[in-house]
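K.L.:
Structure incoming, see below.
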Amino acid sequence: MPQDSSTPIAITSPTPRTLPGSGATVNKANTLGFAVTSFLTDNWAATLDLGVPPKYKLNGTGTLESVGQVGTAKQWAPALLAKYYFGEANSQFRPSIGLGLSRVHYTNIELSKGFQEYIGAGVGNKNAVTTADLKASWAPVFNAGLSYAIDKDWSVNFSVSYLKMKTKADLTTKASATTTVLSNTTMTINPIVTYLNIGYRF
């Protein structure tokens, strides 16, 4: 559940200027995940969160609202967390809190035809082709959860995480055979991530 915002698109080369009012928002997405947890003591544990990268859709806002979908991208965000579990090791209910770090990067970045035409019109060639690169970043992860032991091996776990996440999008537009226009925008995503899983203890 992204808590997102973005800066207007800024053309940096060859003539610096801003496309005022241009922005984008990120849709919610669901995916499958799994986690591996190793208990260091009865209360302290390290968890590695992995999963299938969700595909996010970006929709235009402000002067980009008429464009509709700006593009799509898959987000990879594996996370390593240190967690503290309250209660005894054999307690049926065990709340936990955690803190960690995620390495976020993006693949399969595709820009819509409508967005490319918008950028092209801004540089004097509606048919110009634009490509994008989303910069990888590190994001802190804040986590709280609850584990319910069904028996000695199986459990049901629910957690909520908050990530402080920001990425820079670099856009390259081939305006003509001799002119390449460079622009960028920064997106703050800050997602709230809910996670429900079935766990097995070895």
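The values are calculated or read from the model by the stated rules, or taken from the named source; none is laboratory data. Not measured: the values here are computed from a predicted model. Positions of Cβ are generated from backbone atoms using ideal geometry, with glycine treated the same way; all protein chains shown enter the neighbour counts.
K.L.:
Hey, among the residues in segment 107-132 that are among the hydroxyl-bearing types (Ser, Thr, Tyr) and surrounded by fewer than 20 Cβ atoms within 10 Å (Cβ to Cβ), which one's nearest to the chain's Cα centre (by Cα)?
P.N.:
Only one residue fits best here, namely Thr107.
K.L.:
Name the residues in segment 19-46 that are loosely packed, with under 15 Cβ neighbours inside 10 Å, polar (S, T, N, Q) and more than 14 Å from the chain's Cα centre (by Cα), would you?
P.N.:
Result: Ser38, Thr41.
K.L.:
Turning to a different aspect of this structure: Quick test of your reading of the structure: Asn184 fulfils all but one of (1) closer than 19 Å to Leu50 by Cα; (2) out of contact with any Phe, Trp or Tyr (no Cβ under 8 Å at 6 or more places or on another chain); (3) in contact (Cβ under 8 Å) with a residue 60 or more places away in the chain. Name the failing condition by number.
P.N.:
That leaves (1) as the condition not met.
K.L.:
A further question follows. Based on what the data block shows, is Ala79 in contact with a Ser or Thr (Cβ under 6 Å, 6 or more places away or on another chain) and buried (at least 16 other Cβ atoms within 10 Å of the Cβ)?
P.N.:
Judged against the criteria, Ala79 is a match.
K.L.:
For the structure I just gave you, tell me whether Ala45 is in a loop (DSSP other than H, G, I, E, B), without any contact (Cβ under 8 Å) to a residue 60 or more places away in the chain and among the aliphatic types (A, V, I, L, M).
P.N.:
Answer is no for this residue.
K.L.:
Looking at segment 85-99, is at least one residue closer than 21 Å to Ala29 by Cβ and surrounded by 14 or more Cβ atoms within 10 Å (Cβ to Cβ)?
P.N.:
no
K.L.:
Here's another thing I want to ask about it. Taking the stated definitions as given, is Ala10 of a type in the set (A, V, I, L, M, F, W, C), closer than 28 Å to Val160 by Cβ and either in contact with a strand residue (DSSP E or B) (Cβ under 8 Å, 6 or more places away or on another chain) or surrounded by fewer than 16 Cβ atoms within 10 Å (Cβ to Cβ) (or both)?
P.N.:
Spelling it out, it is not the case that Ala10 is of a type in the set (A, V, I, L, M, F, W, C), closer than 28 Å to Val160 by Cβ and either in contact with a strand residue (DSSP E or B) (Cβ under 8 Å, 6 or more places away or on another chain) or surrounded by fewer than 16 Cβ atoms within 10 Å (Cβ to Cβ) (or both).
K.L.:
Take Val70 and decide whether it is in contact with a strand residue (DSSP E or B) (Cβ under 9 Å, 6 or more places away or on another chain), closer than 21 Å to Asp49 by Cα and among the β-branched types (Val, Ile, Thr).
P.N.:
no
K.L.:
Within segment 176-196, can you find the residues that are under 22 Å from Ala10 (Cα atoms), among the hydroxyl-bearing types (Ser, Thr, Tyr) and modelled with pLDDT of 90 or more?
P.N.:
Thr180, Ser183, Thr185, Thr186, Thr188
K.L.:
Moving on. Scanning for something small (Gly, Ala, Ser), assigned to a helix (DSSP H, G or I), within 30 Å of Leu182 (Cα to Cα) and in contact with a helix residue (DSSP H, G or I) (Cβ under 7 Å, 6 or more places away or on another chain), does segment 111-123 turn up at least one residue?
P.N.:
yes
K.L.:
Out of Gly60, Gly51, Gly68, which single residue is surrounded by fewer than 18 Cβ atoms within 10 Å (Cβ to Cβ) and in contact with a helix residue (DSSP H, G or I) (Cβ under 8 Å, 6 or more places away or on another chain)?
P.N.:
Gly68
K.L.:
Also, quick follow-up: Can you pull out the residues in segment 3-38 that are within 30 Å of Phe86 (Cβ to Cβ), touching a residue at least 24 places away in the same chain (Cβ under 8 Å) and not small (Gly, Ala, Ser)?
P.N.:
Gln3, Asn30, Phe34, Thr37
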